[in-house]
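Below is one structure, written out as structure tokens; comments come after it.
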Amino acid sequence: MNDKLIIFDTTLRDGEQSPGASMTQDEKIRIAKALERLRVDIIEAGFPAASAGDFAAVQAVARMIRHSTVCALARALDQDVDRAGEALKHAERARIHTFIATSPIHMERKLQMAPEQVIEYATRAVRRARQYTDDVEFSPEDAGRSEEDFLCRVLEAVIEAGASTLNIPDTVGYSMPGQFGRMVGRLMERVPNADKAVFSVHCHNDLGLAVANSLSAVLEGARQVECTINGLGERAGNAALEEIVMAVKTRKDMFPCHTEIDSREIVACSKLVSNITGFPVQPNKAIVGANAFAHEAGIHQDGVLKSRETYEIMRAEDVGWSANRMVLGKHSGRNAFRTRLQELGVEFASEAELNAVFARFKQLADKKHDIFDEDLQALLTEARVEAGDERVRLVALKVCSETGETPRASVTLKIEYEEITATAQGSGAVDASLKAIESIVHSQSNLQLYSVNNITSGTDSQGEVTVRLEKDGRIVNGQGADTDIVIASAKAYINAVNRLHLAGLRMHPQVHNL
Ligand code: KIV
Ligand code: ZN
């Protein structure tokens, strides 16, 4: 028997809970479209009760996605469930995912509730969610540290109340593969009405075991895995979608199930998420890292040339590392440009927007010979950021860097209607530029991370810079791309400053008391 393994992607919800990974509505829509092209079964689009912006983003994704089910998260509270139901009103297929913690430590210290009360909240939330949709998922948060007898009682009660998916989260990434898998297997055996629900798992990666724990549970009968692109997620992240999917596909001999994911879309989706969130993918990351299919040692190359199976267990092209990718360049016209972006699922709000992005494309093509899909996505991210109501904009940047001299930068910014210029010295051109910007904007934030990646290969590649700023406990990432990395750095810093300014208060689903 070969069952379907349901792939539930939570990049837009748990992934967005990573510090600095918050996304705009437009960015969420672009990722949701990429997830739909990947054919994920369920897209968890967000937590509508978090803020008006989160509600609007879930609503926009629900209106736009037609094939995947769109899911919204809700604590086991009437008002959260109602917000989720409202946000999903226009979805073709809607799921409400409600949760409450069941481990002794969470019930006593976080919720300050007795176990019976937790069951009452859980069943009430499920019943209320059923008023909006037949597709209701329930998660006993911190199941990995919950008592099994109590879990059985909660799960039986929520199935009775109408939940059709039971998700078992290892919220703090504490479980070990064999132990977690066996626990899920036992729950499936012990809960009397377990046959009326699909068992799912949601594993965090604090000990680097999220994928192993998830797959262990699949071997014991779980038929939904919750995961994220590139393993993005709270703290050390969630199980990486690409690893789950390719493990099941590559080891058909081990798994009595299959997914309906179009694996050729994996790399494009990974790059898009990395570009939008500013979380680079490490080169040796399985499946989507730049080195995942690169063979360095002579002996490996020799083997692969004679017969690729000697050292390759998967084909690079099966996950979207295509050898003959379509490239655009200086001579590509508007039609080719529009068509390629359409193929990437990008829609323009108007001809004016298309023209503005096309003009940027032409500028880039003057500096860079081949324009790849990654360049187009970065271009679009920038164009949309700048078309938004950015408070601070870069007008001009001049740097002077010479061996033996202290580098200097002169920066002109436009803040609302006023242009201000400042100069600064620094240990390098980037340092001097960021100091000049800071002397104008006075963000008084702490720089937590500065990283540069080249979007494609070659010295004419665009450099993609991520800057992470922290202020009063709020963390934001800013991105900038340019063929000149000093300019990319300035853009990234300004982008982060703008985001700091905008970052309003959002409720975190797991830290607030009920
Ligand atoms: O990690 C977790 O427990 C969660 C729940 C909300 C499912 O993200
Ligand atoms: Zn989680």
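Based on the mean of other beta carbon atoms within 10 Å per residue, what is the order of 352-361, 368-377, most packed first?
Per-residue Cβ counts within 10 Å, averaged per peptide and sorted highest first, yield 368-377, 352-361.
Tell me the label-point distance for the pair K196, Q282, using the 7 Å Cα-to-Cβ offset, in nm and rounded to one decimal.
4.5
Which order do the peptides 387-394, 13-20 come out in when sorted by mean C-beta neighbours inside 10 angstrom, highest first?
13-20, 387-394
What distance in nm separates the two pseudo spin-label positions at Q363 and S427, each 7 Å out from Cα along the beta-carbon direction?
Here the modelled spin labels are 3.1 nm apart.
In terms of modelled amide H atoms, which long-range or inter-chain residues lie less than 5 Å from the amide H of S22?
N477
Rolling a 1.4 angstrom probe over the protein heavy atoms, how many square angstrom per residue are accessible across region 388-503? Don't skip to the end; give the middle numbers.
Values: 5750 Å² over 116 residues.
Here the per-residue accessible area is 50 Å².
On a full-extension model of 0.36 nm per residue, what is the gain between E347 and I415, subtracting their alpha-carbon distance, rounded to one decimal in nm? It would help to have the intermediate numbers written out before the result.
Numbers: separation 68, 0.36 × 68 = 24.48 nm, distance 2.98 nm.
In short, 21.5 nm is gained.
Determine the calculated [θ] at 222 nm for the chain from helices alone, applying -39500 (n - 2.57) to every DSSP H run no shorter than 4 residues and normalising by the residue count; nearest 500 deg cm²/dmol.
-12000 deg cm²/dmol
Treating only the Cβ atoms of Lys and Arg (+1) and Asp and Glu (-1) as charged, compute the dipole magnitude of region 3-277 about its Cα centre; round to the nearest 20 debye.
Dipole size: approximately 540 debye.
What do you reckon, how do S410, S68 stack up by accessible area (1.4 Å probe), largest on top?
Result, largest first: S410, S68.
Once you order the gyration tensor axes a ≥ b ≥ c over the Cα atoms, which shape class does region 3-46 get: rounded for a/c under 1.5, otherwise prolate or oblate by comparing a/b with b/c? Walk me through the numbers on the way to the answer.
Values: a/c = 3.28, a/b = 1.63, b/c = 2.02.
Verdict is oblate for region 3-46.
Take M64, M23 and sort them by solvent-accessible surface of the protein heavy atoms, 1.4 Å probe, largest at the top. Write out the running numbers ahead of the final one.
Numbers: M64 50, M23 20 Å².
Highest to lowest solvent-accessible surface, that is M64, M23.
Given a 1.4 Å probe, how much area per residue of region 216-293 is accessible, in Å²? If you can, show how the numbers build up before the last one.
Values: 2690 Å² over 78 residues.
So region 216-293 comes to 34 Å² accessible per residue, rounded to a whole number.
Please arrange R37, R75, R468, R153 by accessible surface area, largest first, computed with a 1.4 Å probe and ligands excluded.
R153, R37, R468, R75
Just how much of S274 is accessible, in Å², when a 1.4 Å probe is used and the result is rounded to the nearest 10?
20
What's the magnitude of the charge dipole for region 387-444 around its Cα centre, counting Lys and Arg as +1 and Asp and Glu as -1 at the beta-carbon? Answer in Debye, nearest 20.
60
List residues of region 59-88, by number, whose backbone nitrogen lies under 16 Å from a label position 7 Å along Cα→C-beta of E120.
What the label zone holds, given the 16 Å backbone N cut-off, is 76-78.
Solvent-accessible area per residue for region 334-386 at a 1.4 Å probe radius, Å²?
About 45 Å² of surface per residue is accessible.
Please list, ordered by chain and number, the residues whose modelled amide H lies under 5 Å from the amide H of K285; skip anything fewer than 5 residues away on the same chain.
Residues meeting the criterion, in which the H sits 1.01 Å from N, are A290, N291.
Could you look at region 311-398 and say what percent of its accessible area is carbon and sulfur, using a 1.4 Å probe and all protein chains?
51
Report, in debye and to the nearest 20, how large the dipole of the chain comes out about its Cα centre when Lys and Arg carry +1 and Asp and Glu carry -1 on their Cβ. Let's see the in-between values first.
Working: 59 positive and 73 negative charges, 115 e Å.
Around 560 debye, computed over the chain.
Can you classify the chain as rounded, prolate or oblate using the Cα gyration tensor, where a ≥ b ≥ c are the square roots of its eigenvalues, rounded means a/c under 1.5, and otherwise it's prolate if a/b beats b/c and oblate if not?
prolate
Can you tell me the length gained on complete extension of the stretch S451 to R235, counting 0.36 nm per residue apart and subtracting the Cα distance? Intermediate values should be presented prior to the final figure.
Working: separation 216, 0.36 × 216 = 77.76 nm, distance 1.88 nm.
So the extension gain works out to 75.9 nm.
Just the accessible area for E108, please: 1.4 Å probe, Å², rounded to the nearest 10?
Its heavy atoms expose roughly 120 Å² to the probe.
To the nearest 10 square angstrom, how much accessible area does Y450 have with a 1.4 angstrom probe?
Its heavy atoms expose roughly 80 Å² to the probe.
Quote to one decimal, in nm, the extra length available between H258 and R66 on full extension: 0.36 nm per residue of separation minus the C-alpha distance between them.
66.9 nm
What is the calculated FRET efficiency for D3 to N355, with r their C-beta to C-beta distance and R₀ = 41 Å, to the nearest 0.05? Display every interim value, and only then the final one.
Numbers: r = 49 Å, r/R0 = 1.20.
Here the calculated transfer efficiency is 0.25.
The values are calculated or read from the model by the stated rules, or taken from the named source; none is laboratory data. Worth saying up front: this structure is predicted, and the values here are computed from it rather than measured. Note: ideal-geometry Cβ built from the backbone for every residue, glycine included; neighbour counts use all protein chains shown. Ligands, DNA and RNA are excluded from the accessible area calculation, which covers all protein heavy atoms including side chains. Shrake-Rupley method; radii C 1.70, N 1.55, O 1.52, S 1.80 Å.
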